[in-house]
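K.L.:
The following block contains the structure, expressed as structure tokens.
The values are calculated or read from the model by the stated rules, or taken from the named source; none is laboratory data. What you see is a predicted model, and the numbers here were worked out from it, not measured in a lab. Cβ coordinates were reconstructed from backbone atoms using ideal geometry, including for glycine residues, and neighbour counts include every protein chain displayed. Heavy atoms of the whole protein, side chains included, go into the accessibility calculation; ligands, DNA and RNA do not. Shrake-Rupley method; radii C 1.70, N 1.55, O 1.52, S 1.80 Å.
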Amino acid sequence: MNDVIERIGKLLTSRFGVPAAEFSAEAVLSDLDLDSLALVEFGLVAETEFGVKISEDEVSPTDTITELATLIASKVA
Amino acid sequence: MTSAVVCGIGSWVPPTVVTNDELAARLGTSVDWIETRTGIRQRRVVEAGGSTADLAVEAGMRALKSAHLDRADAVVLATTTPDYPCPATAPEVASRLGLAGVPAMDVNAVCTGFLYAAATGAGLIATGVAQRVLVIGADTFSTIIDPADRKTTAIFGDGAGAVVLRRGEPGELGGFGESGEFGGPGELGEPGELGALGPFDLGSDGELARLIWVPAGGSRQRSAGLAAPAADRYFQMQGTTVFRHAVVRMIQSVRTALGRAGWRIEDVDSLVSHQANARILAALAAELGIDAGRVVSNIDLVGNTAAASIPLALADAARCGRLRAGHRVVLTAFGGGLTWGATTLRWPDITPM
């Protein structure tokens with residue numbers, strides 16, 4: 001789980017312009033300036049990174065990083 | 001197979017500009033919301049009483065002038081916003097261009113329309129129906145947008161772009177050809193001659209038709225004999241779902257077209273995609289591994305002009321020197337249908353009008 005959070009953090013800071021200082025497990029996606037289109041873009045990138053498909057109705061800008069990581073972890077498992 | 005070679009290009013947008021300031025005030029949103037989500041700063045809209053044909057005639061005239069031609073043997077018009085539900089708009093455009101009598105038809109593949117029309121034009125040449133085809137992409141989405149829908153109102157603009165395709169000489173195929181070599185500028189008859197359209201990749205998925213549609217006004221609603229709700233008479237789009245399909249389909253289509261042409265991603269000088277949304281362009285380029293410097297975009301100035309967007313972007317890029325003769329260009333688009341497509345060409349030595 002921590003590993004997934006760490007990998008999400010790397011993707012968001014390197015590809016989505018999220019400042020490393022603002023990233024945390026508790027951060028809400030919209031507070032990181034990730035809107036619904038950014039989550040679609042993240043889904044495309046995550047498909048390569050984690051090998052799972054995330055559709056736009058499974059994740060919302062009001063979710064936290066931990067909730068996103070839980071979703072990805074459940075699909076990887 | 002006989003190739004089709006781009007030998008002229010023209011474009012036209014109506015003079016009326018709608019800025020984000022005006023839209024933000026009218027729609028109760030912010031300039032920042034529009035810019036960050038779309039990358040669009042302004043768009044053009046047709047004047048009251050104006051039409052798609054008006055824009056298409058202007059762009060078509062300019063493309064013929066750019067090709068140093070008075071005539072074309074056929075007119076193919078890509079549009080989703082014809083002047084009337086019936087008949088097609090292309091015959092009127094042909095007549096107003098002084099081409100009365102030539103074969104003329106509309107092609108509707110929504111935002112992929114220009115690529116479908118170009119493939120159709122290449123087919124008319126390959127079958128010997130025509131030697132020179134005027135291929136126009138023209139749309140006036142401002143006439144079908146729901147004025148209460150801030151998302152689509154912010155995205156779409158009106159415009160037209162056109163190219164003239166001429167019959168190529170034998171061997172004027174696009175791409176590098178079998179030998180892996182390609183001709184230099186002006187080397188007629190060599191594989192990869194400038195302007196020759198490469199192999200096309202075109203596709204569709206009708207199961208997802210309702211992601212991008214106008215529900216009312218067609219036979220399904222009219223046969224029911226019931227008046228349609230006001231919103232159903234306007235264009236509707238499921239933006240975020242469309243975003244994902246657009247990126248995924250254009251990636252696949254670009255890879256297929258490049259493979260058929262014998263090009264690698266690193267061979268591409270310019271990616272010219274349908275100007276749907278600046279963030280779609282960025283995501284597409286990033287996933288393909290094409291750096292931002294090789295992406296052609298004019299969406300900030302004209303918005304999403306549907307079938308007109310590729311020839312408008314090409315003409316603008318050629319006009320400012322961003323596209324030069326010999327550049328290896330990949331074109332790709334995605335739109336309602338769903339439809340998508342891609343093709344390649346080496347940019348010809350032409351002056352956009």
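K.L.:
Enter the angle in degrees (range 0 to 90, nearest 10) between the Cα long axis of helix B:52-66 and the first principal axis of the Cα atoms of chain B, meaning the one along which they spread out most.
P.N.:
Approximately 20 degrees, to the nearest 10.
K.L.:
I've got another one for you. From the square roots a ≥ b ≥ c of the eigenvalues of the alpha-carbon gyration tensor of chain A, which class results: rounded (a/c under 1.5), prolate (a/b over b/c), or oblate?
P.N.:
Verdict is rounded for chain A.
K.L.:
Still on this structure: Show the residues, 5+ positions off or on another chain, whose built amide H is closer than 5 Å to the amide H of B:Ala4.
P.N.:
B:Gly168, B:Leu197
K.L.:
Still on this model: Considering only protein heavy atoms, with the full assembly of protein chains and a 1.4 angstrom probe, order B:Met237, B:Met61 by accessible area, largest first.
P.N.:
On the way: B:Met237 55, B:Met61 100 Å².
My answer, sorted largest first, is B:Met61, B:Met237.
K.L.:
Accessible area drop of at least 30 Å² (1.4 Å probe, protein heavy atoms): which residues of region A:54-68 qualify, relative to the chain alone?
P.N.:
Buried on complex formation: A:Glu56.
K.L.:
Take chain B, mark every one of the GluC sites (Glu not before Pro) that falls in a DSSP loop and has at most 12 other Cβ within 10 Å, then report the longest stretch left between them, sites excluded. Intermediate results must be reported in sequence, preceding the final value.
P.N.:
Working: sites that count: B:Glu47, B:Glu178, B:Glu181.
Result for the longest clean stretch: B:182-353.
K.L.:
By per-residue mean of other Cβ atoms within 10 Å, what is the highest-first order of B:93-101, B:128-136?
P.N.:
Details: B:93-101: 17.9, B:128-136: 23.8.
Listed from highest to lowest mean packing, they are B:128-136, B:93-101.
K.L.:
Sort B:208-218, B:4-14, A:38-48 by packing, meaning the average of other beta carbons within 10 Å per residue, with the highest value first.
P.N.:
In descending order of packing, they fall as B:4-14, A:38-48, B:208-218.
K.L.:
Provide the solvent-accessible area of B:Val57, counting protein heavy atoms only and rolling a 1.4 Å probe, rounded to the nearest 10 Å².
P.N.:
Only protein atoms counted, so the area is about 20 Å².
K.L.:
For n ≥ 4 DSSP H runs only, could you compute -39500 (n - 2.57) per run for chain A, divide by its residues and tell me the 222 nm figure to the nearest 500? Please report the intermediate quantities before stating the final value.
P.N.:
On the way: 3 runs with 41 residues, N = 77.
After summing the helix terms and dividing by residue count, I get -17000 deg cm²/dmol.
K.L.:
So what is the orientation-averaged projected area of region B:64-110, using the convex hull of its C-alpha atoms, in nm²?
P.N.:
Details: hull surface 14.2 nm².
Reported value for the Cα convex hull: 3.6 nm².
K.L.:
A follow-up question, please. Given a cut-off of 38 Å, what percent of all Cα-Cα pairs of the protein assembly as shown lie beyond it? Walk me through the numbers on the way to the answer.
P.N.:
Values: 21475 of 92235 pairs.
In whole percent, the long-distance tail amounts to 23.
K.L.:
Mind grabbing the interface size between A and B? I mean buried accessible area, both sides, 1.4 Å probe, in Å² to the nearest hundred. Show your work: numbers first, answer last.
P.N.:
Numbers: alone 4500 and 14510 Å², together 17890 Å².
Protein heavy atoms only, the A-B interface buries about 1100 Å².
K.L.:
Rounded to the nearest 500 deg cm²/dmol, what is the calculated helix-only ellipticity per residue at 222 nm for chain B, with -39500 (n - 2.57) per DSSP H run of length n ≥ 4? Kindly include the intermediate steps, with their values, before the conclusion.
P.N.:
On the way: 11 runs with 113 residues, N = 353.
Dividing the helical sum by the residues of chain B leaves -9500 deg cm²/dmol.
K.L.:
Given region B:19-66 reduced to its alpha-carbon atoms as identical point scatterers, what log10 I(q)/I(0) does the Debye formula return at q = 0.22 Å⁻¹?
P.N.:
Taking Cα atoms of region B:19-66 as identical point scatterers yields -0.78.
K.L.:
How long are the semi-axes of the equivalent ellipsoid of region B:258-304, taking √(5λ) for every eigenvalue λ of the Cα gyration tensor, in whole Å from largest down?
P.N.:
Working: eigenvalues 87, 22, 17 Å².
Those come to 21, 10, 9 Å.
K.L.:
With a 1.4 Å probe and every protein chain left in place, tell me how much accessible area B:Thr140 has, in Å² to the nearest 10.
P.N.:
Approximately 10 Å² of B:Thr140 is accessible to the 1.4 Å probe.
K.L.:
Something else about it: For region B:1-45, list whatever residues lose no less than 50 Å² of accessible surface once every protein chain is in place, relative to that chain by itself, with the probe at 1.4 Å.
P.N.:
Checking the loss per residue gives B:Arg37.
K.L.:
Heavy-atom accessible area per residue, chain B, 1.4 Å probe: how many Å²? Don't skip to the answer; put the middle values down first.
P.N.:
Working: 13980 Å² over 353 residues.
Using a 1.4 Å probe on heavy atoms only, each residue of chain B averages 40 Å².
K.L.:
Something else about it: Considering only DSSP beta bridges where both residues belong to the protein assembly as shown, give the percentage that are antiparallel (nearest 5).
P.N.:
Values: 37 of 53 bridges.
If I count the DSSP bridges inside the protein assembly as shown, around 70 percent turn out antiparallel.
K.L.:
Tell me the carbon and sulfur percent of the accessible area for region B:1-159, rounded to whole percent, probe radius 1.4 Å. Spell out each step's value before the answer.
P.N.:
Numbers: 3380 of 6220 Å².
That share works out to 54 percent.
K.L.:
Can you give the average number of partner chain beta-carbon atoms within 10 Å of each beta-carbon in peptide B:275-287, as a whole number?
P.N.:
Working: counts 0, 0, 1, 0, 5, 3, 0, 1, 7, 1, 0, 4, 5.
Per-residue shielding by partner chains comes out at 2.
K.L.:
When the solvent-accessible surface of protein heavy atoms is calculated with a 1.4 angstrom probe, in what order do B:Thr344, B:Thr241 fall, highest first? Numbers along the way, then the final one.
P.N.:
Working: B:Thr344 0, B:Thr241 35 Å².
So, going from the largest accessible area down, we get B:Thr241, B:Thr344.
K.L.:
Please work out the C-alpha center-to-center distance from region B:296-353 to region B:1-57 and express it in whole Å.
P.N.:
A separation of 14 Å, based on Cα centres.
K.L.:
Along the three principal axes, how long is chain B when you take its alpha carbons, biggest first, rounded to the nearest angstrom?
P.N.:
Sorted from largest, the Cα extents of chain B read 57, 47, 37 Å.
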